[in-house]
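The values are calculated or read from the model by the stated rules, or taken from the named source; none is laboratory data. Computed from a prediction, not measured in an experiment: that's the story for all the values here. Counting neighbours? That spans all protein chains shown, and the Cβs are built from the backbone with ideal geometry, glycine included.
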Amino acid sequence: MQDILNDIYTTMLSRTDRGQVANYIPQLACVNPEQFAITVALPDGQVFSAGCAETLFSIQSISKVFTLTIALGKLGDAVWSRVGREPSGDPFNSIVQLEHENGKPRNPFINAGAIAVVDAIMMGHQPRETLGEILQFVRFLANDESIGIDEKVAQSELTTGDRNAALAHFMAAYGRMKHPVDQVLGTYFHQCAISMNCLQLAKAGMFLVSDGVNKHTGIRVVSAQRARRINSLMLMCGHYDGSGEFAYRVGLPGKSGVGGGILAVAPGKASIAVWSPGLDSIGNSKLGTEALEMLVQHTGWSIF
Ligand code: DON
């Protein structure tokens, strides 16, 4: 495995077109696009990495997998009255579908859907408490108490968050928000600003590899059925309007973030985290996708 990762790393180093860093969040626009990291965590406890696997980055939309898991734990199937579970076919920050479908976001991974999920898990609590809960859950999943939030990124997003504010207010107009919009948005921006490295992220994804049990800690996080369902959503919706392309090229459930990270799950085989800040035109890590494509070619881990 280490040889495969070294090979991928060397290939990625040679790439000249690395995509564009997210520029609509100023704090993400100043991240050096030359960076690349990959970690593969296996159920038997082995962990392999190449590149800067200990460098922290903003997990952004990857956090939506964790908040969805919390929401399913708290609300069960009632989550699906708040968000759908179909691919959107639209960009992650699109508003168009909301108007046609009664203000109900298509899935929990587009921005509108993730905002609705945060509103659902707040349950009358203050943003600070909800954030504490999200952070505690991520630390528990990764078995790492050091994971925190990059306040600069959160503030950067808050000051440029008009689009997300529009989505939230639009849903509120349909009576779909149970908490004040500014509180929900504040929580959402901070959740997206969680900083992790590839090592931590791969470990946090372990519970999705082995039917809901994190084999590194031996703890069951969710039922086998729930793990399968989260994986199915990641496959169909995890890369927004690029989900079909990702399934075609990589063939694994995956969730991307505009910080350039991708968490991919090879069921029964491995949890994989990749990071390279440059994005393709859809907003998914350009080299991250390419690296996963190479990994799957070498290992045969595609689910298809
Ligand atoms: O709300 C936003 O736009 C960002 N905090 C998250 C978007 C994101 O990561 C989309 N991912 N590819």
_Condition broken by Q35, with the remaining ones in (1) over 29 Å from H298 (Cβ atoms); (2) part of a loop (DSSP other than H, G, I, E, B); (3) touching a residue at least 12 places away in the same chain (Cβ under 8 Å) satisfied_ = (1)
*Within the range 230-280, track down each residue that is without any contact (Cβ under 8 Å) to a residue 60 or more places away in the chain and of a type in the set (D, E, K, R).*
E245, R249
*Return the pairs, sorted by first residue and then second, in which the second residue is exposed (fewer than 15 other Cβ atoms within 10 Å of the Cβ), the first residue lies in the range 1-16 and is modelled with pLDDT of 95 or more, the beta carbons are less than 6 Å apart, and the residues are 6+ apart or on different chains.*
I4/H298
*Here are some residues: A78, A71, A37, A50. Which one is touching a strand residue (DSSP E or B) at 6+ places or on another chain (Cβ under 8 Å), closer than 25 Å to F137 by Cβ and away from the ligand (no atom under 16 Å from the Cβ)?*
A37
*Scan P108, P87, P26 and give me the residue that is surrounded by fewer than 19 Cβ atoms within 10 Å (Cβ to Cβ) and within 16 Å of the ligand (Cβ to nearest atom).*
P26
*Do any strands (runs of 3 or more DSSP E) lying entirely in the range 221-291 carry at least 1 residues that are more than 15 Å from the ligand (Cβ to nearest atom), and which ones are they?*
261-266, 270-275
*Considering only helices (runs of 4 or more DSSP H) fully contained in the range 86-153, which possess at least 2 residues that are farther than 17 Å from L185 by Cβ and assigned by TED's automatic domain parsing to the domain that holds A71?*
96-100, 127-142
